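Visitor: Here it is: the structure, laid out below.
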Amino acid sequence: MPTESNAAERYQAWLNDPNVDERTKEELRGIADQPKEIEDRFYRELEFGTGGLRGVMGAGTNRMNRYVIGKATQGFANYLLRGASAPTAVIAHDSRHNSDSFTLEAACVLAANGIKTYLFRSLRPTPQLSFAVRDLKAAGGIVITASHNPPEYNGYKVYNAEGGQLTPDDAEQVIAEIQGIASFDQVKRLTREEAEARGLIVWLGEEADEKFANAVAAQSVQPEMLRGGAGERLKVVYTPLHGTGNLPVRRVLEKAGFTQVHVVPEQEQPNGLFPTVKSPNPEEHEAFTLAIKLADQIGADLIIGTDPDADRMGAVVKNDQGQYVVLSGNQSGALMVHYLLSNLKAQGRLPADGAVIKTIVTSEMGADIAASFGCAVFNTLTGFKYIGEKMTEFEKTGSQTFLFGYEESYGYLTGTYARDKDAIVASLLISEAAAFFKTQGKTLYDVLLELYKQYGTYLEKLESRTLKGKDGVAKIAGIMNDWRANPPAEVAGVKVTKVLDYEQGLDGLPKENVLKYLLADGSWFTLRPSGTEPKIKVYFAVRKDGLPAAEQAIAELVSAVMARVDSLS
C-alpha cells in the first residue's frame, strides 16, 4: 500500500500533469492544506475489483473521475483487442451525477482504439446493458453506476461477450492491462464529434428498448391469466427511487396486463441526489416510506421498488395483521421460486434437468423448495457474475436448463436473455405471483406462512459495519484474520461443527476472502468484506419450527457474533 509520502507525490504529479484539466487542478489546490484529505484521495489507486470500479466522485487516484475511467477503459480496450480483430462494445449509465459524462469519456477512449461503441441516448437499467451486449453480439460492455450506494459514489462495471460481469480470470487480465498504463499519455481519446464522424459511436433508439421489454415480458409464466383479468385486479405501488427503472418497469407490467400501477410521484423522476431517501436501496426499509404511504391511501396489494440501476428489486406486502412489511431478499426469492416451479409443473413445462442457482450467503429455503420439485440447486460465490457464469456453462454444455438465479441482496433473474440480475423481470414475476394468489384469496404473506409450515421457518439477517479509509481497510482485514486464526468452538451456546474458509478455494469455487461457520442446530453465519463498499458484512441464517423460536435463535446468534466483531472494529 502506498505511504503518505507516495500520496503527496501523486498529488503533486496530478497538479503538474499537462493531461489534467485546470478545473480538476483547481479542486486539488483547494485541499492543499488538508493532508488527511490528500492522503485519502491519493494513498492508493481506486481498486479495480472483479466487477470494476466504485468510489466517491472527485479528483484523485482513489476517486471516481474521468481520468481514472479513461485509464480503466484503455486497459479494457487493450483486453478486448487481444480477443477480437474488430470488437464492438455497449455502454449504459444510471441517474447518478456525472454518469453521462463518464459514459462519453469511456466511449471516446474505446473509439480512439478503433472499437465501435453503442450508446443509449439517456439512462438505462443495467440488465438492459447485459441484454444489449448479447443482442448486438458485442465483445463487451460497460455500465456507469454505483448501484445502491450513497449519492457521492459512482462506479464502472465491465461485462464480457456473454453479457455477464467479468469473472476473476478475465478481470485479472484487465487489471494487468490497467496496471501497465504508466501515465495518462498512454490513454487514447477521440472527441465525441470525431468518434461520431468515423462511425465509432452509434446511438441506440426505440427499437433497442422494445426488444428488451419484449424479452422480459416473455418470461411471464401465466400470460393468459394476467390478460384474463387477474392483472387488472391487482393494485401495485411502484417506486424507482429516482433511478432507471421507471419507464422499463411500467412498460413491461403494462405489456403483461397490469393496469393499476401507481408510481410514487416524489420518487418518479431521475435524480442523482436521491433526495427523498437516506439510501436508494430497496434493502433498506426506510426507502419504502413514501411508497407505503401511497399504498395505504389506495389499498395496494403489493409494493415494489428498484434501485438506481434497476438490477435489484424489493417487495412489500400486507401481513396477517393488515400491515405492510418489507420482504427480505431471501423471502422474495423463495416466493418466486415456489410460484415459478409450481406453475411450470402444473403446466407440464417443468424440465427434468431444471436448475436453480443461488449464492453461498443466500437462504437454503429456496433451495429446499427447488429440491422438492426435483430441480438441481447450485451454489456460487457472492456476486451475480458467478450465477451468469454458471448459466453460460449450462448453455454451452447442455447439462442443465436454467430456471431461476438469485442472491439474498435482492438480485433475481429468470430467463436467459441476460446474464445479470434484473429488477424489471423480478417486478414482473413477483407481481404475477401476487395476482395469481389473489385469485385464490391469498396474499403473498399468506403463501410465505404456508411455505414456513411446509419447509420450516427460515429467518435470515444481515449486519454490516462501515469502516472507511485506510484505517478501515486495515480493521476489516484484522477482523477477518482474527476469526480465521481463532475460530469459535461454540456461538450462543451452540457448537460450531464446521468452518468453511473459501480463501482455500472450496467446492471448485474461486478463492475468496469469506468465512462460513456451520452450527450444530442447522444455523450458520458468514463473514465477508464487501466488494463495493467500505464494509464488513455478516450474514446470519436459522431454521426452526415456528416464528417465535426462529426469532429468538437469530437474535441470540446475531448478538453473540456481532459483540466479537464490534470488539475488533
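Visitor: Have a look at Val174, Val216, Val187 and point out the one that is in contact with an Asp or Glu (Cβ under 9 Å, 6 or more places away or on another chain), crowded, with 20+ Cβ neighbours inside 10 Å and among the β-branched types (Val, Ile, Thr). Spell out how you get there, then give the answer.
Guide: Values: Val174 fails: in contact with an Asp or Glu (Cβ under 9 Å, 6 or more places away or on another chain); Val187 fails: in contact with an Asp or Glu (Cβ under 9 Å, 6 or more places away or on another chain).
Selected residue: Val216, the only one of Val174, Val216, Val187 that is in contact with an Asp or Glu (Cβ under 9 Å, 6 or more places away or on another chain), crowded, with 20+ Cβ neighbours inside 10 Å and among the β-branched types (Val, Ile, Thr).
Visitor: Run down Ala563, Ala555, Ala550 and say which single residue is at pLDDT 95 or above, surrounded by 20 or more Cβ atoms within 10 Å (Cβ to Cβ) and small (Gly, Ala, Ser).
Guide: That would be Ala550, the only listed residue that is at pLDDT 95 or above, surrounded by 20 or more Cβ atoms within 10 Å (Cβ to Cβ) and small (Gly, Ala, Ser).
Visitor: Going by what's in this entry, would His93 be described as under 20 Å from the mean Cα position of the chain (by Cα), buried (at least 23 other Cβ atoms within 10 Å of the Cβ) and either modelled with pLDDT of 95 or more or not assigned by TED's automatic domain parsing to the domain that holds Pro150 (or both)?
Guide: So His93 fits the description; yes.
Visitor: Can you name the residue in the range 315-354 that is small (Gly, Ala, Ser) and in contact with a Leu (Cβ under 7 Å, 6 or more places away or on another chain) and is also nearest to Ala295 (Cα to Cα) among such residues? Before you say what the answer is, go through the steps one by one.
Guide: Pass one, the range 315-354, residues small (Gly, Ala, Ser): 315, 322, 328-329, 332-334, 342, 346, 348, 352, 354.
Restricting the remaining residues to those that are in contact with a Leu (Cβ under 7 Å, 6 or more places away or on another chain) gives 315, 334, 354.
Working: Ala315: 12, Ala334: 24, Gly354: 37 Å.
Selected residue: Ala315.
Visitor: Any residue in the range 6-20 that's closer than 12 Å to Thr61 by Cα: show its pairings with residues that are hydroxyl-bearing (Ser, Thr, Tyr) at Cβ separation under 6 Å, as long as the two are six or more apart or on different chains.
Guide: Ala7/Tyr43; Arg10/Thr61
Visitor: Which condition number in (1) crowded, with 16+ Cβ neighbours inside 10 Å; (2) modelled with pLDDT under 95 is the one that Asp507 fails?
Guide: Going through (1) crowded, with 16+ Cβ neighbours inside 10 Å; (2) modelled with pLDDT under 95 one by one, Asp507 breaks only (1).
Visitor: With the requirement that a residue be at pLDDT 95 or above and farther than 13 Å from Arg465 by Cα, what does the range 523-544 give you?
Guide: Ser523, Trp524, Phe525, Thr526, Phe540, Ala541, Val542, Arg543, Lys544
Visitor: Just to be sure before I move on: is Val56 in a strand (DSSP E or B) and either out of contact with any Ser or Thr (no Cβ under 6 Å at 6 or more places or on another chain) or over 23 Å from Asp471 (Cβ atoms) (or both) in the structure I sent? Give the steps one after another, and end with the answer.
Guide: Working: in a strand (DSSP E or B): yes; either out of contact with any Ser or Thr (no Cβ under 6 Å at 6 or more places or on another chain) or over 23 Å from Asp471 (Cβ atoms) (or both): yes.
Taking the combined requirement at face value, the residue satisfies it.
Visitor: Only one residue in Ala423, Ala434 is surrounded by 24 or more Cβ atoms within 10 Å (Cβ to Cβ), more than 26 Å from Gly51 (Cα to Cα), in contact (Cβ under 8 Å) with a residue 12 or more places away in the chain and in contact with a strand residue (DSSP E or B) (Cβ under 7 Å, 6 or more places away or on another chain), so which one is that? Before the answer, list the steps.
Guide: Values: Ala423 fails: more than 26 Å from Gly51 (Cα to Cα).
After ruling out the rest, the residue left standing is Ala434.
Visitor: If you don't mind, there's one more thing I want to ask. Checking the structure you have, find out if any residue of the range 278-286 is crowded, with 20+ Cβ neighbours inside 10 Å, assigned to a helix (DSSP H, G or I) and either assigned by TED's automatic domain parsing to the domain that holds Ile424 or modelled with pLDDT of 95 or more (or both). So that I can check it myself, show each step before the final result.
Guide: First pass over the range 278-286, keeping only residues crowded, with 20+ Cβ neighbours inside 10 Å: 280-282.
Narrowing the set further to residues that are assigned to a helix (DSSP H, G or I) leaves none.
No, there is no match, as no residue in the range 278-286 is crowded, with 20+ Cβ neighbours inside 10 Å, assigned to a helix (DSSP H, G or I) and either assigned by TED's automatic domain parsing to the domain that holds Ile424 or modelled with pLDDT of 95 or more (or both).
Visitor: Pull out all pairs, ordered by first then second residue, where Cβ-Cβ is under 7 Å, the residues are six or more apart or on different chains, the first lies in the range 135-147 and is surrounded by fewer than 24 Cβ atoms within 10 Å (Cβ to Cβ), and the second is modelled with pLDDT under 95 and outside any loop (DSSP other than H, G, I, E, B).
Guide: Close Cβ pairs (under 7 Å, with a partner that is modelled with pLDDT under 95 and outside any loop (DSSP other than H, G, I, E, B)) amount to Ala139/Gly83.
Visitor: Could you check the range 100-155 and list, in sequence order, the residues that are polar (S, T, N, Q) and not in a helix (DSSP H, G or I)?
Guide: Here is the first cut: in the range 100-155, the residues polar (S, T, N, Q) are 101, 103, 113, 117, 122, 126, 128, 130, 145, 147, 149, 154.
Passing the criteria: Asn113, Thr117, Ser122, Thr145, Ser147, Asn149, Asn154.
Visitor: Further, regarding this structure: Residues in the range 219-240: is at least one touching a residue at least 60 places away in the same chain (Cβ under 8 Å), under 29 Å from Ala146 (Cβ atoms), outside any loop (DSSP other than H, G, I, E, B) and hydroxyl-bearing (Ser, Thr, Tyr)?
Guide: So the first thing to find is which residues in the range 219-240 are touching a residue at least 60 places away in the same chain (Cβ under 8 Å), and the list is 219-222, 225-226, 230-231, 233-240.
Going one step further and asking which of them are under 29 Å from Ala146 (Cβ atoms), we end up with 219, 236-240.
Okay, now just the ones that are also outside any loop (DSSP other than H, G, I, E, B), so 236-239.
From the residues that got through so far, the ones that are hydroxyl-bearing (Ser, Thr, Tyr) too are 238-239.
Checked against the condition, which is being touching a residue at least 60 places away in the same chain (Cβ under 8 Å), under 29 Å from Ala146 (Cβ atoms), outside any loop (DSSP other than H, G, I, E, B) and hydroxyl-bearing (Ser, Thr, Tyr), the range 219-240 yields at least one hit.
Visitor: Another question, if that's okay. Failed condition for Leu253, given (1) assigned to a loop (DSSP other than H, G, I, E, B); (2) touching a residue at least 60 places away in the same chain (Cβ under 8 Å); (3) not aromatic (Phe, Trp, Tyr), with all others met?
Guide: Only one criterion is unmet by Leu253, namely (1).
Visitor: Another question, then. Quickly run through the range 360-378 and pick out the residues that are closer than 18 Å to Thr416 by Cα and not aromatic (Phe, Trp, Tyr). Walk me through how you get there before you give the answer.
Guide: The initial filter retains those residues of the range 360-378 that are closer than 18 Å to Thr416 by Cα, namely 375-378.
Of everything in the range 360-378, those that are closer than 18 Å to Thr416 by Cα and not aromatic (Phe, Trp, Tyr) turn out to be Cys375, Ala376, Val377.
This table checks each residue for (1) in a helix (DSSP H, G or I); (2) over 22 Å from the mean Cα position of the chain (by Cα).
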site	(1), (2)
Ala295	yes, yes
Ala315	no, no
Ala334	yes, no
Val337	yes, no
Ser342	yes, yes
Lys345	yes, yes
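Visitor: Based on what the data block shows, is Ser130 surrounded by 24 or more Cβ atoms within 10 Å (Cβ to Cβ), of a type outside the set (A, V, I, L, M), more than 17 Å from Leu53 (Cβ to Cβ) and in contact with a Phe, Trp or Tyr (Cβ under 8 Å, 6 or more places away or on another chain)? Reasoning before the result, please.
Guide: Working: surrounded by 24 or more Cβ atoms within 10 Å (Cβ to Cβ): yes; of a type outside the set (A, V, I, L, M): yes; more than 17 Å from Leu53 (Cβ to Cβ): yes; in contact with a Phe, Trp or Tyr (Cβ under 8 Å, 6 or more places away or on another chain): yes.
Taking the combined requirement at face value, the residue satisfies it.
Visitor: Restricting to the range 256-276, what's the tally of residues that are free of Cβ contacts under 8 Å to residues at least 60 places away in the same chain and not in a strand (DSSP E or B)?
Guide: Our first condition is that a residue be free of Cβ contacts under 8 Å to residues at least 60 places away in the same chain; within the range 256-276, this holds for 257, 259-269, 275-276.
Okay, now just the ones that are also not in a strand (DSSP E or B), so 257, 259-260, 264-269, 275-276.
Result for the range 256-276: 11.
Visitor: Here is a further query. If you take the residues in the range 484-511 that are touching a strand residue (DSSP E or B) at 6+ places or on another chain (Cβ under 9 Å) and in a loop (DSSP other than H, G, I, E, B), which one is farthest from Ser523 (Cα to Cα)?
Guide: Within the range 484-511, the subset touching a strand residue (DSSP E or B) at 6+ places or on another chain (Cβ under 9 Å) is 484, 487-492, 494-503, 506-507, 509.
Still in the running and in a loop (DSSP other than H, G, I, E, B): 487-489, 492, 509.
Values: Pro487: 16, Pro488: 14, Ala489: 14, Ala492: 11, Leu509: 22 Å.
Across the range 484-511, the extreme among qualifying residues is Leu509.
The values are calculated or read from the model by the stated rules, or taken from the named source; none is laboratory data. The structure displayed is predicted, hence computed values, not measured ones. Don't worry about glycine lacking a Cβ; one is built from the backbone with ideal geometry, like all the others, and counts go over all protein chains shown.
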